[in-house]
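For reference, the structure is listed below as structure tokens.
Readers should treat all values here as calculations from the given coordinates under stated rules, not as data from a laboratory. The model shown is predicted, which means the values in this text are computed figures rather than measured ones. Methodologically, a virtual Cβ is constructed for each residue, glycine included, from the backbone with ideal geometry; neighbour enumeration extends over all protein chains shown.
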Amino acid sequence: MLKDVAGRTEEALELGPGARVGSVLEHYARQFPRLREMEASILLARNQRFAAGAEEIGDGDEIALLPPVSGGACGYSHCIETEAGIFALTREPIDARELPGRVKRPADGALATFEGVVRNHTDGRAVLYLDYECYEPMAVKVMAEIGGQIARAHPIGRLAMVHRLGRMEIGETSVVVMAGAAHREAAFAAAREGIDRLKRSVPIWKKEYFADGELWAEGEWDKAVGGR
């Protein structure tokens with residue numbers, strides 16, 4: 001939605017000595033008053049990590065303005081694979097059948113899978129299709145961080161989180177979260193926490209297309225993320 005307001009996705013910007021991360025938001029809010037109205041819901045990132053507005057900017061830093069979230073290697077466009085599991089983004093259809101081979105261990109007796117699919121309605125309006133956009137380098141890092149935290153908090157083996165980007169038709173899979181564990185209770189709990197936190201904390205945004213218009217889905221940041 002910020003892209004729609006500003007009419008761009010990125011640009012180079014020169015700021016004076018002592019500039020802060022919040023100076024970037026202030027710069028664009030002066031140009032685009034609509035951003036001032038949205039300021040309370042925008043989070044900031046510096047070099048692909050959430051940042052406080054008071055942080056000082058260095059030469060060559062990348063600053064991102066992030067509206068509320070809606071929710072290469074490894075065969076995906078962006079992927080991080082760790083001991084905790086595999087965390088990836090793709091613009092191709094997600095093949096959930098190949099993920100168990102990346103998640104299951106011999107010690108596992110349960111594999112819990114959440115698969116989000118595109119539905120044909122929202123609040124009584126017929127949906128034609130969806131379009132997901134994302135701050136990709138940061139999103140996959142946040143997914144891996146969440147996965148590591150979940151793996152440490154639950155008695156599980158490995159996780160998979162894969163989110164698709166771009167245009168999706170009704171019935172197509174937009175996201176898969178999978179957890180393997182020795183027992184079903186832990187696998188269910190980890191998969192549930194995985195999708196819940198992905199929806200609230202990963203910079204991915206959903207646009208819904210209707211017969212009579214289009215709309216970015218409103219969301220809300222998890223209060224535990226960001227520094228503003």
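Worth pointing out:
- In whole angstrom, the stretch 110-153 maps to an equivalent ellipsoid with semi-axes of 29, 17, 8, each derived as √(5λ) from the alpha carbon gyration tensor and ordered largest first.
- Taking the centroid of alpha carbons for each part, the stretch 157-203 and the stretch 15-64 are 30 Å apart.
- Here the stretch 108-213 is described by how far its Cα atoms reach on the three principal axes: 48, 27, 18 Å, from widest to narrowest.
- Here r is the Cβ-Cβ distance between L215 and E115 and R0 is 35 Å; the resulting FRET efficiency, rounded to 0.05, is 0.90.
- Mean projected area of the convex hull spanned by the Cα atoms of the stretch 2-66, taken over all viewing directions: 4.1 nm².
- Estimated 222 nm signal from helices in the chain, with DSSP H stretches of n ≥ 4 weighted -39500 (n - 2.57), rounded to 500: -8000 deg cm²/dmol
- Value of relative contact order over the stretch 73-216, rounded to a whole percent, pairs C-alpha under 8 Å and six or more apart: 34
- Tally of Lys pairs whose C-alpha atoms are under 28 Å apart, taken over the chain, 8 or more apart or cross-chain: 15
- In order along the stretch 144-161, the Karplus-derived 3J(HN,Hα) couplings, from 6.51 cos²θ - 1.76 cosθ + 1.60 at θ = phi - 60°, round to 5, 5, 4, x, x, 5, 5, 5, 7, 8, 10, x, 10, x, 10, 10, 9, 10 Hz, and Gly and Pro are given as x.
- For the chain, the direction-averaged projected area of the alpha-carbon convex hull comes to 13.6 nm².
- Proximal charge balance of P100 [Cβ under 13 Å; K/R count +1, D/E count -1]: +1
- Amide hydrogen neighbours beyond the local backbone of R20, cut-off 5 Å, H modeled: I57
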